[in-house]
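Engineer: Below you'll find the structure I mean.
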Amino acid sequence: MTISRAERALDDLDAARRGSTGTRVKFWAMVGIVAGFYAVSWNLAGIDLAKLSTGLPRLAHWIMTAWPPKLDELPLFALRTAETVAMAAIGTTVATILAIPMSVLASRNITPWPRLYYPARWFLNALRGIDSFVFALLFVAAVGLGPFAGVLGIALHTWGSAAKFFADHIENVNLGPLEAVRTTGAGRFTSIAYALVPDVLPVMLSTTLFWWEFNVRASTVLGVVGAGGIGQELKNSMDLLDFPRLFTIIAVILVVVTALDQLSGWLRKRLV
């Protein structure tokens, strides 16, 4: 009996050693895969530290020549910045209005037409996969230069992103109140309006504020493709190497974005 127990203990020890060896092999294999991935990525990204070492002094020289800033065009910069904020506001609002019904279709637990669940998800993924910058580039060609193209680009990309977030939240919400209202004989849409919307509305409003804030920052570069806003003046200054003017524009953007960030954060705390 004693020999049997000893043999069993030796077998267990041997199995533990084999398991430990297998775990180490898997660990080092994973390390090798990750290292290989970053080695290939480093090469594909064209990382060149020598170029960085020669470029930094040039950048420092440009920063030194940017002082003092040009303030004579502040009214124009304020107008372009207001244009940028308006683009983000209209685009985000339109996207939110479109996202609410789409999020119902893309929510597995409440969609009225289950067969449309996957097509709705695929559609939203397509919108999310194309950046607002690319959409704006396409709409500049379609509707011409100006902020309207930027509004359309922001709206389409934000529509996909916001609707997916809304749908994910709806799928994780407690449907007890909704089922309780349904037992009274209320229809699906009435139940959603009175039992589900009050529960998810604060999160939706908070998310909308977040996307508005994000779109203000993102839309500052839409002018590069001719979609209006302060980005257009930014590109003009960079093309002319007018660094004092460029510095002023960047300062205006930072002030506005910081103020909107504080306002959005304060509103989100009050909503959630």
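Engineer: I'd like to know if the stretch 98-117 contains one or more residues that are under 18 Å from residue 263 (Cβ atoms) and touching a residue at least 12 places away in the same chain (Cβ under 8 Å).
Structural biologist: The answer is no; no qualifying residue exists.
Engineer: Same structure, new question: So which residues in the stretch 36-63 are open to solvent by less than 90 Å² (accessible area, probe 1.4 Å), assigned to a helix (DSSP H, G or I) and either modelled with pLDDT under 85 or closer than 30 Å to residue 249 by Cβ (or both), if there are any at all?
Structural biologist: Across the stretch 36-63, the qualifying residues are 50, 53, 54, 55, 57, 59, 60, 62.
Engineer: Does residue 212 satisfy the criteria of being within 30 Å of residue 167 (Cα to Cα), surrounded by fewer than 18 Cβ atoms within 10 Å (Cβ to Cβ) and aromatic (Phe, Trp, Tyr)?
Structural biologist: Spelling it out, it is not the case that residue 212 is within 30 Å of residue 167 (Cα to Cα), surrounded by fewer than 18 Cβ atoms within 10 Å (Cβ to Cβ) and aromatic (Phe, Trp, Tyr).
Engineer: Check 130, 170 and return the single one that is under 20 Å from residue 101 (Cα atoms) and in contact (Cβ under 8 Å) with a residue 24 or more places away in the chain.
Structural biologist: 170
Engineer: Moving on. Considering only residues that are surrounded by 10 or more Cβ atoms within 10 Å (Cβ to Cβ) and more than 19 Å from residue 224 (Cα to Cα), which ones fall in the stretch 74-91?
Structural biologist: 74, 89, 90
Engineer: Could you check how many residues of the stretch 226-263 are in a loop (DSSP other than H, G, I, E, B) and touching a helix residue (DSSP H, G or I) at 6+ places or on another chain (Cβ under 6 Å)?
Structural biologist: Qualifying residue count, the stretch 226-263: 4.
Engineer: For the condition within 14 Å of residue 83 (Cα to Cα) and surrounded by 17 or more Cβ atoms within 10 Å (Cβ to Cβ), what is the one hit in 252, 225?
Structural biologist: Among 252, 225, only 252 is within 14 Å of residue 83 (Cα to Cα) and surrounded by 17 or more Cβ atoms within 10 Å (Cβ to Cβ).
Engineer: Let me ask something else. How many residues, within the stretch 140-155, are surrounded by fewer than 23 Cβ atoms within 10 Å (Cβ to Cβ), in contact (Cβ under 8 Å) with a residue 40 or more places away in the chain and hydrophobic (A, V, I, L, M, F, W, C)?
Structural biologist: Count: 3.
Engineer: May I ask you to list pairs of residues, at least six apart or on different chains, whose Cβ atoms are under 6 Å apart, with the first in the stretch 197-225 being under 30 Å from residue 179 (Cα atoms) and among the small types (Gly, Ala, Ser) and the second being open to solvent by 30 Å² or more (accessible area, probe 1.4 Å) and part of a helix (DSSP H, G or I)?
Structural biologist: Hits for this filter: 206/268; 206/271.
Engineer: Let me ask you something else. Residues to consider are 70, 26; find the one that is in contact with a Lys or Arg (Cβ under 6 Å, 6 or more places away or on another chain), more than 16 Å from residue 156 (Cβ to Cβ) and either free of Cβ contacts under 8 Å to residues at least 40 places away in the same chain or surrounded by 12 or more Cβ atoms within 10 Å (Cβ to Cβ) (or both).
Structural biologist: 70
Engineer: Could you list, in sequence order, the residues of the stretch 92-113 that are among the polar types (S, T, N, Q), surrounded by 16 or more Cβ atoms within 10 Å (Cβ to Cβ) and over 29 Å from residue 251 (Cα atoms)?
Structural biologist: Within the stretch 92-113, 96, 103, 107, 111 meet the criteria.
Engineer: May I pose another question? Looking for something in contact with a Ser or Thr (Cβ under 6 Å, 6 or more places away or on another chain), modelled with pLDDT under 80 and either part of a helix (DSSP H, G or I) or on the phi > 0 side of the Ramachandran plot (or both) - is there at least one such residue anywhere in the stretch 180-192?
Structural biologist: Yes: one or more hits.
Engineer: Six or more apart or on different chains, Cβ under 9 Å: which pairs go from a residue in the stretch 231-244 that's under 24 Å from residue 218 (Cβ atoms) and at pLDDT 80 or above to one that's assigned to a loop (DSSP other than H, G, I, E, B) and acidic (Asp, Glu)? Could you list them?
Structural biologist: Every condition considered, the pairs that remain are 233/73; 236/242.
The values are calculated or read from the model by the stated rules, or taken from the named source; none is laboratory data. The shown structure was predicted, so the numbers you read here are calculated from the model rather than taken from an experiment. In this analysis, Cβ positions are derived from the backbone assuming ideal geometry, glycine residues included, and neighbour counts consider all displayed protein chains. Heads up: the accessible areas ignore ligands, DNA and RNA and are worked out on the full protein's heavy atoms, side chains in. Shrake-Rupley method; radii C 1.70, N 1.55, O 1.52, S 1.80 Å.
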